[in-house]
Amino acid sequence: MSRIGRMPIAVPAGVTVDIAENNKVTVKGPKGTLERALPADMEIKLEDGNLVVNRPNDLKKMKSLHGLTRTLINNMVVGVTAGYEKKLEINGVGYRASKSGKTLTLALGYSHPVEMIDPEGLESTVEGNIITVKGIDKEKVGQYAAEIRDKRRPEPYKGKGIKYADEVIRRKVGKTGKK
(Lines give C-alpha, C1' and ligand atoms only; values in the text may rest on other atoms or scores of the structure.)
Protein backbone atom coordinates (compact mmCIF):
# COMPACT_ATOMS: atom_id res chain seq x y z
CA MET A 1 0.00 0.00 0.00
CA SER A 2 1.12 3.58 -0.62
CA ARG A 3 3.13 4.62 2.42
CA ILE A 4 2.65 8.30 1.77
CA GLY A 5 -1.03 7.94 0.84
CA ARG A 6 -1.76 6.13 4.12
CA MET A 7 -0.45 8.93 6.34
CA PRO A 8 -3.14 11.24 7.76
CA ILE A 9 -2.79 15.00 7.25
CA ALA A 10 -3.02 16.97 10.49
CA VAL A 11 -5.15 20.10 10.02
CA PRO A 12 -3.73 22.84 12.29
CA ALA A 13 -5.87 25.27 14.25
CA GLY A 14 -7.07 28.21 12.15
CA VAL A 15 -7.25 26.13 8.96
CA THR A 16 -10.56 25.07 7.42
CA VAL A 17 -10.84 22.38 4.74
CA ASP A 18 -13.94 22.09 2.53
CA ILE A 19 -14.43 19.04 0.30
CA ALA A 20 -17.05 19.66 -2.42
CA GLU A 21 -18.39 17.14 -4.95
CA ASN A 22 -15.89 15.65 -7.43
CA ASN A 23 -13.16 16.18 -4.79
CA LYS A 24 -12.84 19.96 -5.23
CA VAL A 25 -10.84 20.81 -2.11
CA THR A 26 -10.66 24.35 -0.68
CA VAL A 27 -8.18 25.10 2.11
CA LYS A 28 -8.46 28.41 4.00
CA GLY A 29 -5.77 29.54 6.42
CA PRO A 30 -4.05 32.59 7.91
CA LYS A 31 -2.03 33.28 4.73
CA GLY A 32 -4.85 32.85 2.22
CA THR A 33 -7.05 30.38 0.34
CA LEU A 34 -6.07 27.60 -2.07
CA GLU A 35 -8.44 25.61 -4.26
CA ARG A 36 -7.78 22.49 -6.32
CA ALA A 37 -9.74 19.80 -8.14
CA LEU A 38 -8.29 16.41 -7.20
CA PRO A 39 -8.89 12.97 -8.80
CA ALA A 40 -12.58 12.14 -8.32
CA ASP A 41 -11.89 8.41 -7.67
CA MET A 42 -10.08 9.09 -4.39
CA GLU A 43 -12.06 9.21 -1.17
CA ILE A 44 -11.12 12.20 1.02
CA LYS A 45 -12.55 12.31 4.56
CA LEU A 46 -12.12 14.68 7.50
CA GLU A 47 -11.86 12.61 10.70
CA ASP A 48 -11.32 14.32 14.09
CA GLY A 49 -8.90 17.03 12.89
CA ASN A 50 -7.13 14.80 10.36
CA LEU A 51 -7.62 14.41 6.63
CA VAL A 52 -7.50 10.83 5.36
CA VAL A 53 -7.20 9.77 1.69
CA ASN A 54 -8.36 6.28 0.64
CA ARG A 55 -8.30 4.61 -2.78
CA PRO A 56 -11.13 2.51 -4.23
CA ASN A 57 -9.01 -0.43 -5.50
CA ASP A 58 -5.44 -1.61 -6.05
CA LEU A 59 -5.03 -0.83 -9.74
CA LYS A 60 -1.63 0.67 -10.63
CA LYS A 61 -3.23 4.00 -11.61
CA MET A 62 -5.08 4.23 -8.28
CA LYS A 63 -1.92 3.43 -6.33
CA SER A 64 -0.04 6.25 -8.04
CA LEU A 65 -2.92 8.72 -7.58
CA HIS A 66 -3.20 7.82 -3.87
CA GLY A 67 0.13 9.29 -2.77
CA LEU A 68 -0.17 12.20 -5.22
CA THR A 69 -3.57 13.25 -3.88
CA ARG A 70 -2.36 13.14 -0.28
CA THR A 71 0.77 15.16 -1.10
CA LEU A 72 -1.17 17.82 -3.03
CA ILE A 73 -3.55 18.34 -0.09
CA ASN A 74 -0.62 18.43 2.37
CA ASN A 75 1.15 21.07 0.22
CA MET A 76 -2.02 23.20 0.30
CA VAL A 77 -2.26 22.94 4.11
CA VAL A 78 1.44 23.83 4.57
CA GLY A 79 1.10 26.68 2.05
CA VAL A 80 -1.76 28.46 3.85
CA THR A 81 -0.04 28.10 7.25
CA ALA A 82 3.72 28.55 6.66
CA GLY A 83 3.97 29.41 2.95
CA TYR A 84 6.78 28.49 0.59
CA GLU A 85 9.93 30.27 -0.50
CA LYS A 86 12.78 29.64 -2.93
CA LYS A 87 16.09 31.47 -2.88
CA LEU A 88 18.10 32.15 -6.03
CA GLU A 89 21.68 33.40 -6.15
CA ILE A 90 23.20 35.57 -8.88
CA ASN A 91 26.91 35.03 -9.62
CA GLY A 92 28.97 36.91 -12.18
CA VAL A 93 30.67 40.25 -12.77
CA GLY A 94 28.07 42.89 -13.63
CA TYR A 95 25.12 40.55 -12.98
CA ARG A 96 22.58 42.39 -10.85
CA ALA A 97 18.94 42.32 -9.80
CA SER A 98 16.72 45.16 -8.64
CA LYS A 99 13.07 45.41 -7.64
CA SER A 100 10.63 48.28 -8.22
CA GLY A 101 6.98 47.68 -7.38
CA LYS A 102 6.00 44.32 -8.90
CA THR A 103 8.76 44.39 -11.54
CA LEU A 104 11.99 42.43 -11.12
CA THR A 105 14.77 43.84 -13.33
CA LEU A 106 17.77 41.62 -14.08
CA ALA A 107 21.07 42.74 -15.65
CA LEU A 108 22.55 39.48 -16.94
CA GLY A 109 25.17 40.44 -19.50
CA TYR A 110 22.68 40.86 -22.34
CA SER A 111 22.44 44.12 -24.34
CA HIS A 112 19.11 44.84 -22.59
CA PRO A 113 17.79 44.50 -19.05
CA VAL A 114 15.46 41.53 -18.48
CA GLU A 115 12.21 42.57 -16.79
CA MET A 116 9.83 40.13 -15.09
CA ILE A 117 6.51 40.97 -13.43
CA ASP A 118 5.59 39.00 -10.29
CA PRO A 119 2.64 36.64 -10.97
CA GLU A 120 -0.57 36.97 -8.96
CA GLY A 121 -0.14 35.69 -5.39
CA LEU A 122 3.68 35.66 -5.49
CA GLU A 123 6.18 38.13 -4.13
CA SER A 124 9.87 38.43 -4.94
CA THR A 125 12.46 40.37 -2.95
CA VAL A 126 16.08 41.25 -3.71
CA GLU A 127 18.86 41.50 -1.13
CA GLY A 128 22.27 41.99 -2.69
CA ASN A 129 22.74 39.05 -5.06
CA ILE A 130 19.95 36.89 -3.55
CA ILE A 131 16.43 36.79 -5.00
CA THR A 132 13.71 35.30 -2.76
CA VAL A 133 10.39 34.15 -4.23
CA LYS A 134 7.57 33.70 -1.67
CA GLY A 135 3.98 32.49 -1.96
CA ILE A 136 1.39 30.03 -0.67
CA ASP A 137 1.20 27.79 -3.77
CA LYS A 138 4.24 25.48 -3.92
CA GLU A 139 3.78 24.82 -7.63
CA LYS A 140 3.64 28.51 -8.60
CA VAL A 141 6.65 29.42 -6.40
CA GLY A 142 8.75 26.68 -8.00
CA GLN A 143 7.61 27.60 -11.52
CA TYR A 144 8.41 31.32 -11.14
CA ALA A 145 11.81 30.53 -9.58
CA ALA A 146 12.56 28.21 -12.53
CA GLU A 147 11.56 30.96 -15.00
CA ILE A 148 13.93 33.43 -13.30
CA ARG A 149 16.75 30.85 -13.35
CA ASP A 150 16.09 30.18 -17.05
CA LYS A 151 17.01 33.77 -17.97
CA ARG A 152 20.70 32.90 -17.42
CA ARG A 153 21.45 29.36 -16.28
CA PRO A 154 24.73 28.76 -14.42
CA GLU A 155 27.56 27.68 -16.68
CA PRO A 156 30.09 25.00 -15.59
CA TYR A 157 33.37 26.86 -16.28
CA LYS A 158 33.15 30.00 -14.14
CA GLY A 159 29.84 29.33 -12.40
CA LYS A 160 28.27 32.55 -13.75
CA GLY A 161 24.49 32.80 -13.91
CA ILE A 162 21.44 32.38 -11.67
CA LYS A 163 21.34 29.27 -9.50
CA TYR A 164 19.21 28.02 -6.64
CA ALA A 165 20.79 28.81 -3.26
CA ASP A 166 21.10 25.10 -2.40
CA GLU A 167 22.20 24.02 -5.91
CA VAL A 168 25.75 22.76 -6.49
CA ILE A 169 27.31 23.55 -9.86
CA ARG A 170 29.65 20.86 -11.16
CA ARG A 171 32.68 22.76 -12.36
CA LYS A 172 34.72 21.85 -15.43
CA VAL A 173 38.36 22.56 -16.19
CA GLY A 174 38.87 25.09 -19.00
CA LYS A 175 41.09 24.82 -22.03
CA THR A 176 44.84 24.40 -21.53
CA GLY A 177 47.30 26.29 -23.73
CA LYS A 178 49.60 24.63 -26.29
CA LYS A 179 53.18 23.98 -25.27
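So Pro39 ticks every box in (1) touching a residue at least 60 places away in the same chain (Cβ under 8 Å); (2) in contact with a helix residue (DSSP H, G or I) (Cβ under 6 Å, 6 or more places away or on another chain) but one. Which box is left unticked? So the condition that Pro39 fails would be (1). Please indicate, with yes or no, whether at least one residue in the range 69-79 is part of a loop (DSSP other than H, G, I, E, B) and over 18 Å from Lys140 (Cα atoms). There is no residue in the range 69-79 that is part of a loop (DSSP other than H, G, I, E, B) and over 18 Å from Lys140 (Cα atoms). Listed conditions (1) under 18 Å from the mean Cα position of the chain (by Cα); (2) open to solvent by less than 70 Å² (accessible area, probe 1.4 Å); (3) β-branched (Val, Ile, Thr) are all met by Ile169, apart from (1).
Failed condition for Leu51, given (1) closer than 22 Å to Asp137 by Cα; (2) assigned to a strand (DSSP E or B); (3) free of Cβ contacts under 8 Å to residues at least 60 places away in the same chain; (4) open to solvent by 20 Å² or more (accessible area, probe 1.4 Å), with all others met? All conditions are met except number (4).
The single condition among (1) of a type in the set (Lys, Arg); (2) within 30 Å of Arg149 (Cα to Cα); (3) in contact (Cβ under 8 Å) with a residue 24 or more places away in the chain that Lys63 does not meet is (2). In the range 122-179, counting only strands (runs of 3 or more DSSP E) that sit wholly within it, the ones holding 1 or more residues that are among the aromatic types (Phe, Trp, Tyr) span 161-164. Within the set Tyr110, Tyr84, Tyr157, Tyr95, the sole residue that is more than 30 Å from Glu43 (Cβ to Cβ), among the aromatic types (Phe, Trp, Tyr) and surrounded by 14 or more Cβ atoms within 10 Å (Cβ to Cβ) turns out to be Tyr95.
The values are calculated or read from the model by the stated rules, or taken from the named source; none is laboratory data. Note that the structure is predicted; figures quoted are calculated from it, not measured. All Cβ positions, glycine included, derive from the backbone under ideal geometry; neighbour counts span all protein chains shown. Just so you know, the surface numbers come from the protein's heavy atoms only, side chains and all, with ligands and any DNA or RNA stripped out. Shrake-Rupley method; radii C 1.70, N 1.55, O 1.52, S 1.80 Å.
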